[in-house]
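Here the structure is laid out as structure tokens; the discussion comes afterwards.
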Amino acid sequence: MARANDEVADLLQELADLLSITGGEAYKIRAYEKAVRAIAGYPEDVSRLGLGQLKKIPTVGDAIAKKILDYNATGTIRQVEDLRAQIPAGVRALTAIPTLGPKKALALYEELGVSSVPELEEAITAGRLRDLKGFGAKSEENILRGIELMRQAGGRVLIDQATELAEEIVATLTPLAERCAYAGSLRRMRETIGDIDILAAAPSSAELMETFATLPYVTEVIVRGEKKTSIRTGALGLQVDLRVVPLESWGAALQYFTGSKEHNVRTREIAVRAGLKLSEYGLYEVESGDLIVSATEEEVYQRLGLPWIPPTLREDGGEIQAALAGELPRLVQLDDLRGDLHTHTDLTDGTASLETMVAAAAGLGHEYYAITDHAPNLYMQRMTDEKMLAQREAVRALQERFPDLTLLHGTELNIDPSGGVDWDADFLAGFDLCVASVHSAFTQDPEEMTRRFVTACENPYINVIGHPTARLIGRRPPVDADWDEVFEACAATGTALEIDAFPDRLDLPADLIRRALRHGVKFSIDSDSHAVGHLGNLRYGVGAAQRGWLTPDDVINTWPLDRLRSFLRKGR
């Protein structure tokens, strides 16, 4: 079930988009966009808060608080409904295309009468966009990439949304079962989830199936049976399947329903060569039909001559061969992380104060924690040298209050189209670390983008390349670069690549993590937090790192502080 916070955040983001189309005031649009982050990351349920409590949320003033109360009373925000009525549905459909902004969508509708994605594709094929002001061949290419990105996303949701729903269902069903867990692509920590598989072990399924089918957020019972029931849930529209198996079949069923399909084909091939049959019910001898093992995943893999293979590796990416050779990596775990090296405060686009973020990090048990607010070339954040230096003094003062948490004062620099960054060497030398990211000019050709990254890596003060592909899952495609050349530059200069744990980024993606690893690159798993509630996103970054086969030694923020500091000096 989607949290009220997420639904309100989505409505406020839509309000900002609709105001962009209708020519709303820029400062109001920015206010709504800042509130989106604050509300989505707020730990309390906004549907249970009154006006005064809502106004305590960072960036939420009286007007936005009243809109949240409107949602709590009506299930929507009436201003959003009013604006939807003013704007043609075709324009709103076009704004769902990543890379196509609201104003351009309106121009396409007004100038060409385009009101659907198929009509837009036809217009591009006919070359009709090239005569429009603000459009051209590059625009056509970007829009087509956006359409493809939208179609790839389909009905899939981000991993955090699926995890929250799955964990809520498992918590509800666990008291009724001997074992209960989610499986499928969610257990393998895929970036987006198309449906959720829940597995339970119990001697009888009747109570489990009844409870599952009558959960308060069920909008449809697709199929209901003794062994399997499928439902569709509310706001997310996700299908969730519950399968109930005997306890003695738990291990085989968990292995089977975790997948992937390709991984399971490999394990079944091993079974066949050994005269065995592997199914969701167990591992059997073919000749006698006798059950050999089925109770735990570990014993199923062991009987096949394999060590237990972590779910995040089960993609037929060489994990079977590595297991047979005794070469499976000891994957990095959440508990291995000693700190977070990329976070923001309300000095720029975060929603919580420096003190609040530091206290929350201390509460999580971090050993070190970096504050990395945006540098001045991201103009809308209004950073200045004076503000940054004042923050540095505030960090030093806070250090005395949190003696068990080493505070690192850093910044997130902006890599400009030529590879330069916001400050000169003298100013950069005052930071404990510098993250540098691409925040603009996303459509440079691959050669230019590659040179841009390499130049940034060669800067002796840049320690981490932040969210390297700059993608936003389902909303913005990754930049195009010769990644192997970038990875070589990172390894040669001692520049880490970030695994940004924000669920709509998960950047670097797992396939590029593994490629970079082969070049000897080091990584940093960071939350990129803009609110206290975002600090827990590190779990998703760890999932991406595991899918990229990373060990703790590959990740700089698993290292002791003295080793980390040595790395951050970058040979200076």
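A few comments on the model shown:
- Just one of the listed residues (Ala352, Ala271, Ala322) is open to solvent by less than 30 Å² (accessible area, probe 1.4 Å), under 30 Å from Ala31 (Cβ atoms) and not aromatic (Phe, Trp, Tyr), and it is Ala352.
- The set of residues in segment 397-414 that are of a type in the set (A, V, I, L, M, F, W, C) and open to solvent by 50 Å² or more (accessible area, probe 1.4 Å) contains only Ala397.
- Scanning segment 303-345 for residues that are in contact with a helix residue (DSSP H, G or I) (Cβ under 6 Å, 6 or more places away or on another chain), farther than 30 Å from Ala375 by Cα and assigned to a loop (DSSP other than H, G, I, E, B) yields Leu304, Leu306, Pro307, Trp308, Ile309, Arg314, Asp316, Leu328, Leu331, Val332.
- Restricting attention to segment 325-344, the residues being farther than 30 Å from Asp528 by Cβ and either surrounded by 14 or more Cβ atoms within 10 Å (Cβ to Cβ) or in contact (Cβ under 8 Å) with a residue 12 or more places away in the chain (or both) number 1.
- Look at (1) open to solvent by less than 60 Å² (accessible area, probe 1.4 Å); (2) more than 22 Å from the chain's Cα centre (by Cα); (3) charged (D, E, K, R); (4) more than 21 Å from Ala96 (Cα to Cα) and you find that Arg179 fails only one, number (1).
- Candidates Ile371, Ile292 - the one that is under 19 Å from His409 (Cβ atoms) and surrounded by 15 or more Cβ atoms within 10 Å (Cβ to Cβ): Ile371
- Checking each residue in segment 184-243 for being free of Cβ contacts under 8 Å to residues at least 40 places away in the same chain, assigned to a loop (DSSP other than H, G, I, E, B) and of a type in the set (Asp, Glu) picks out only Glu226.
- Of all residues in segment 399-415, those satisfying the criterion of being over 30 Å from the mean Cα position of the chain (by Cα) and either part of a helix (DSSP H, G or I) or of a type in the set (Asp, Glu) (or both) are Gln399, Glu400, Arg401.
- Residue in segment 429-451 that is hydroxyl-bearing (Ser, Thr, Tyr), over 30 Å from Asp6 (Cβ atoms) and in contact with a strand residue (DSSP E or B) (Cβ under 7 Å, 6 or more places away or on another chain) present: no
- Candidates Ile143, Ile147 - the one that is open to solvent by less than 20 Å² (accessible area, probe 1.4 Å), assigned to a helix (DSSP H, G or I), under 30 Å from Glu191 (Cβ atoms) and at pLDDT 80 or above: Ile143
- Residue match in segment 467-476 (condition: over 27 Å from Ile147 (Cα atoms) and open to solvent by less than 20 Å² (accessible area, probe 1.4 Å)): no
- Scanning segment 382-396 turns up no residue that is loosely packed, with under 15 Cβ neighbours inside 10 Å and touching a residue at least 60 places away in the same chain (Cβ under 8 Å).
- Among the residues of segment 530-537, at least one is touching a His at 6+ places or on another chain (Cβ under 8 Å), open to solvent by less than 30 Å² (accessible area, probe 1.4 Å) and under 21 Å from Ser437 (Cβ atoms).
- Candidate set from segment 233-261 (those that are open to solvent by 20 Å² or more (accessible area, probe 1.4 Å) and under 24 Å from the mean Cα position of the chain (by Cα)); member that is farthest from Asp290 (Cα to Cα): Ala235
- Where Ala85 falls short, out of the listed (1) touching an Asp or Glu at 6+ places or on another chain (Cβ under 7 Å); (2) without any contact (Cβ under 8 Å) to a residue 12 or more places away in the chain; (3) among the hydrophobic types (A, V, I, L, M, F, W, C): (1)
- All positions within segment 202-216 that are surrounded by fewer than 12 Cβ atoms within 10 Å (Cβ to Cβ), over 19 Å from Trp250 (Cα atoms) and either modelled with pLDDT of 95 or more or of a type in the set (Ser, Thr, Tyr) (or both): Thr214
- Out of Leu19, Leu12, sole residue that is open to solvent by less than 50 Å² (accessible area, probe 1.4 Å) and farther than 22 Å from Asp528 by Cβ: Leu19
- The lone exception for Val170 - which of (1) part of a helix (DSSP H, G or I); (2) open to solvent by 30 Å² or more (accessible area, probe 1.4 Å); (3) over 30 Å from Thr95 (Cα atoms) it fails: (2)
- Of the residues making up segment 438-460, those that are surrounded by 21 or more Cβ atoms within 10 Å (Cβ to Cβ) and touching a residue at least 40 places away in the same chain (Cβ under 8 Å) number 2.
- In segment 477-498, the qualifying residues are those that are touching a residue at least 60 places away in the same chain (Cβ under 8 Å) and of a type outside the set (Ser, Thr, Tyr), and the one that is surrounded by the most Cβ atoms within 10 Å (Cβ to Cβ) is Ala496.
- Sub-7 Å Cβ pairs linking a first residue in segment 266-287 that is over 17 Å from Arg314 (Cβ atoms) to a second residue that is open to solvent by 40 Å² or more (accessible area, probe 1.4 Å) and of a type in the set (Lys, Arg), at least 6 apart or interchain, are Tyr284/Lys277; Val286/Lys277, ordered by first then second residue.
- Of the numbered criteria (1) surrounded by fewer than 17 Cβ atoms within 10 Å (Cβ to Cβ); (2) more than 22 Å from Ile556 (Cα to Cα), the one Gly365 fails is (2).
- Test: residue in segment 173-191 that is modelled with pLDDT under 95 and out of contact with any helix residue (DSSP H, G or I) (no Cβ under 9 Å at 6 or more places or on another chain): no
- Answer residue from segment 467-500, given it is in a loop (DSSP other than H, G, I, E, B) and among the hydrophobic types (A, V, I, L, M, F, W, C) and is farthest from Ala516 (Cα to Cα) among those: Ile473
The values are calculated or read from the model by the stated rules, or taken from the named source; none is laboratory data. Everything quoted here is computed from the prediction, not taken from an experiment. All Cβ positions, even for glycine, are placed from backbone atoms using ideal geometry, and neighbour counts span all protein chains on display. Areas reflect the complete protein model, heavy atoms only, side chains present, ligands, DNA and RNA absent. Shrake-Rupley method; radii C 1.70, N 1.55, O 1.52, S 1.80 Å.
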